[in-house]
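Chemist: Quick one: the structure is below, and I'll ask about it shortly.
The values are calculated or read from the model by the stated rules, or taken from the named source; none is laboratory data. Note that the coordinates shown come from a computational prediction; the quantities given were computed from them, not determined experimentally. With ideal geometry, Cβ positions are generated from the backbone for all residues, glycine too; neighbour counts draw on all protein chains shown.
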Amino acid sequence: MNDQLKKKAWEIRRHVLKMCVKAGTGHVTSSMSCVDILTVLYRGCVMRHDPANPTWPERDRFILSKGQASPALYVVLADCGYFSMKDLDGFAQEDGKFGVHLQNSVPGVEITCGSLGQGFGFAAGVALGAKMNRDLFLTFTLLGDGECYEGSIWETAMFASHNHLNNLVAIVDRNYLCVTDFTENIVSLEPMADRWRSFGWDVICVDGHSIPELLKALDRVRSRKSTKPTAIIADTVKGEGVESFCYQPVCHGIAPKGEQAKKALEELERRCSYE
Amino acid sequence: MNNLTQRDAFWEKVYSLAKDNKDIVVVSADMGAPSLDQFRRDLAAQFVNVGIAEQNAILVASGMAALGKRVFVYAIAPFITLRCLEQIRVNNAMMKFPITIVGVGAGFGYEDSGPTHHITEDIAIMRSMPNIIINSISDSVMAEAVALMSCQMKVANYVRLDRLTLPSLYKKGEDFSQGIAVLKKGDSYIVSTGSMVHVALEVARQLKKKGLHVGVIDAYTIPLQEKNLISAIKGTKKLIALEEHFLAGGLSSAVCEALQDHGVVIPVLRIGLDPHKGYCYKYGGREIIRKYYGIDAASVTKKVLTFLK
């Protein structure tokens, strides 16, 4: 299963890149860093969901709080069968169904998101509502590390632990890069794990590109051995799979062009066939 | 109903509805009221205190609304509109999750608290977004009715409650679906909203003594139900719009837009807060502040007299 998921993740990256190169836009690097996480959630038997019935009341909710990673989510959803892979060709096009930031009219997408610091609080509301209803589904949310600069994230973090939302799982895509610089140069986010712990969360730190580590971390969440909400700090590389974009500030929110795009696609094709 | 504040009339109704409907939830940003105490005591499972965290309040409320909860979010008016404006824009105006935002202290309601606690821009800001209905409450009968209406709304609404205990303008059972009410007929009209409707009525009384028959219209729902307003003022030669709100974008702007869009070309006197006067640090009561801006009954009467001459 690990190898299959890894291969699937590379295929998804290849689709994300193709889609964004064609459109000449999209947050490629923000998407690439979280592809393994999304692949494990949707294809690794972690989340309970039904592509044939996107509004199934008992589905686990996935709230993408870093809405700029929508290309990754759209490809994963299309790959699951929520909508046709052909729809991906219309990404950010005049006749397309979706654009650069997340849109809740797309089957399988729970919220419109582009403004940071919001999806997380929404997810906490869903989790609290589920507790009130005695619904058993879990709510997963994916945050960007740069998103953690938003004050509302910490309003929600203390709210969720106070209300014992152990049905809420927040995954932080810790790729260490924002738009203009590395997070530790901008305003330090470390010690990230300790900060979440001090807000009353159970914290698991993983390599966000390791399928086995992600699976192991997410395997524990449904049993709810603790009353605390779970934060998974996933160490990632922003742009993973597109070498020329990795470890590079100011590559946020753009798609590669020309020769750079060609090279990147070749790189991903090689990965897909190799894995 | 004279003895109830708008706030207590509103929350008592919400309480009575919530007793029979566990999907009604109150999210408070550390804001209480005597009428909310019984809600907290008897319906603790339906009461969520998020602390002084308005952004999270709107987000949590919207998340619960996604599961079908009918959520009332409560705080002091400037904080539950402006601090979390973008959350409202994305979750409620854009995604249309139907929550009820309840702000107490409309206008200079927190009279001795200074300008941070006054709310003099909310109508302009909230009405600039689609899918948000403003319920600008002028008495406690309306407050109670709007509590019930809130539970049936398909979009989000913002209920601006005044802190004053004001005399009732309406009888129980009044239909508040028309957006405006003609409280007094006249040859010309003052259109107002919230507690300023009471000032408008006082002005009309003063003008009557001088032989002028000026009517009063309570515009309690914004966006205005324009057709109802236009039909109510049919034949009027001059119109006055009165508000405890900065002139930019508030009720008087909405009235002028309605007239323009319906081809009604008549002079309009806009009486509200002059932006050149800025924010004020006046204390000693609401009347003092209203006098400073020239929106107290005596100042308004003078302005209207000159305008109608």
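Chemist: Taking B:Arg89 and the conditions (1) part of a loop (DSSP other than H, G, I, E, B); (2) under 30 Å from A:Asp60 (Cα atoms), which numbered condition does it fall short on, given that it satisfies the others?
Modeler: Here B:Arg89 meets the rest and fails (1).
Chemist: May I ask you to say which residue of B:Glu257, B:Glu243 is in a helix (DSSP H, G or I) and either modelled with pLDDT of 95 or more or closer than 25 Å to B:Gly294 by Cα (or both)?
Modeler: Numbers: B:Glu243 fails: in a helix (DSSP H, G or I).
Among B:Glu257, B:Glu243, only B:Glu257 is in a helix (DSSP H, G or I) and either modelled with pLDDT of 95 or more or closer than 25 Å to B:Gly294 by Cα (or both).
Chemist: Scan the strands (runs of 3 or more DSSP E) fully inside the stretch B:117-186 and keep the ones with 2 or more residues being in contact with a Pro (Cβ under 9 Å, 6 or more places away or on another chain). Even if it seems obvious, please write down each step before you answer.
Modeler: Working: elements: B:132-136, B:156-161, B:180-184.
Per the criteria, B:132-136, B:156-161.
Chemist: For the stretch A:115-143, which residues satisfy the criterion of being facing another protein chain (nearest Cβ under 8 Å), within 24 Å of A:Ser31 (Cα to Cα) and touching a Ser or Thr at 6+ places or on another chain (Cβ under 6 Å)?
Modeler: If the condition is that a residue be facing another protein chain (nearest Cβ under 8 Å), within 24 Å of A:Ser31 (Cα to Cα) and touching a Ser or Thr at 6+ places or on another chain (Cβ under 6 Å), then A:Gly117, A:Phe120, A:Gly121, A:Phe122, A:Ala123, A:Ala124 are the ones that fit.
Chemist: Still on this structure, I have one more. Given the structure, is B:Ala45 outside any loop (DSSP other than H, G, I, E, B), within 14 Å of chain A (Cβ to nearest Cβ) and under 25 Å from B:Leu273 (Cβ atoms)?
Modeler: no
Chemist: Checking the structure you have, find out if any residue of the stretch B:89-104 is in contact (Cβ under 8 Å) with a residue 40 or more places away in the chain, over 24 Å from B:Glu12 (Cβ atoms), more than 14 Å from every other protein chain (Cβ to nearest Cβ) and under 12 Å from the mean Cα position of the chain (by Cα).
Modeler: No, every residue in the stretch B:89-104 fails to be in contact (Cβ under 8 Å) with a residue 40 or more places away in the chain, over 24 Å from B:Glu12 (Cβ atoms), more than 14 Å from every other protein chain (Cβ to nearest Cβ) and under 12 Å from the mean Cα position of the chain (by Cα).
Chemist: Here is a further query. Could you identify the single residue in B:Gly109, B:Gly103 that is out of contact with any strand residue (DSSP E or B) (no Cβ under 6 Å at 6 or more places or on another chain), buried (at least 24 other Cβ atoms within 10 Å of the Cβ), on the phi < 0 side of the Ramachandran plot and not in a helix (DSSP H, G or I)?
Modeler: Numbers: B:Gly103 fails: out of contact with any strand residue (DSSP E or B) (no Cβ under 6 Å at 6 or more places or on another chain).
Every option except B:Gly109 fails the conditions.
Chemist: For the stretch A:147-169, which positions are surrounded by 21 or more Cβ atoms within 10 Å (Cβ to Cβ) and aliphatic (A, V, I, L, M)?
Modeler: If the condition is that a residue be surrounded by 21 or more Cβ atoms within 10 Å (Cβ to Cβ) and aliphatic (A, V, I, L, M), then A:Ile153, A:Ala157, A:Ala160, A:Leu165, A:Leu168, A:Val169 are the ones that fit.
Chemist: In the stretch A:89-101, is there at least one residue being within 14 Å of another protein chain (Cβ to nearest Cβ) and within 30 Å of B:Gly51 (Cα to Cα)?
Modeler: no
Chemist: Which pairs have Cβ atoms under 6 Å, sit 6 or more apart or on different chains, and link a residue in the stretch A:144-164 that is more than 9 Å from chain B (Cβ to nearest Cβ) to one that is aliphatic (A, V, I, L, M) and assigned to a helix (DSSP H, G or I)?
Modeler: Note: pairs meeting the criteria are A:Ala160/A:Ala124.
Chemist: If we keep just the residues of the stretch B:48-66 that are part of a helix (DSSP H, G or I) and of a type in the set (Gly, Ala, Ser), which is nearest to the other protein chains (Cβ to nearest Cβ)?
Modeler: B:Gly63
Chemist: Farther than 18 Å from A:Lys18 by Cα, within 14 Å of chain B (Cβ to nearest Cβ), surrounded by 24 or more Cβ atoms within 10 Å (Cβ to Cβ) and β-branched (Val, Ile, Thr), is that true of A:Ile111?
Modeler: Here the answer is yes, as A:Ile111 does meet what is asked.
Chemist: Another question about this same structure. Would you be able to say whether some residue in the stretch A:246-253 is modelled with pLDDT under 95 and either within 17 Å of the chain's Cα centre (by Cα) or more than 28 Å from A:Gly26 (Cβ to Cβ) (or both)?
Modeler: Yes, because at least one residue in the stretch A:246-253 is modelled with pLDDT under 95 and either within 17 Å of the chain's Cα centre (by Cα) or more than 28 Å from A:Gly26 (Cβ to Cβ) (or both).
Chemist: Give the residues of the stretch B:28-42 that are in contact with a helix residue (DSSP H, G or I) (Cβ under 9 Å, 6 or more places away or on another chain) and either among the hydroxyl-bearing types (Ser, Thr, Tyr) or away from every other protein chain (no Cβ under 12 Å) (or both), sorted by residue number.
Modeler: Correct list: B:Ser28, B:Met31, B:Gly32, B:Ala33, B:Pro34, B:Ser35, B:Leu36, B:Gln38, B:Phe39, B:Asp42.
Chemist: For residues in the stretch B:67-86 being buried (at least 21 other Cβ atoms within 10 Å of the Cβ) and part of a loop (DSSP other than H, G, I, E, B), which is farthest from the other protein chains (Cβ to nearest Cβ)?
Modeler: Only one residue fits best here, namely B:Cys84.
Chemist: Within the stretch B:254-264, does at least one residue satisfy the condition of being under 29 Å from B:Pro115 (Cα atoms) and surrounded by 21 or more Cβ atoms within 10 Å (Cβ to Cβ)?
Modeler: Within the stretch B:254-264, one or more residues are under 29 Å from B:Pro115 (Cα atoms) and surrounded by 21 or more Cβ atoms within 10 Å (Cβ to Cβ).
Chemist: Assuming A:Arg134 fulfils every condition listed in (1) without any contact (Cβ under 8 Å) to a residue 60 or more places away in the chain; (2) closer than 29 Å to A:Pro249 by Cα; (3) not aliphatic (A, V, I, L, M) apart from one, which condition is it?
Modeler: (2)
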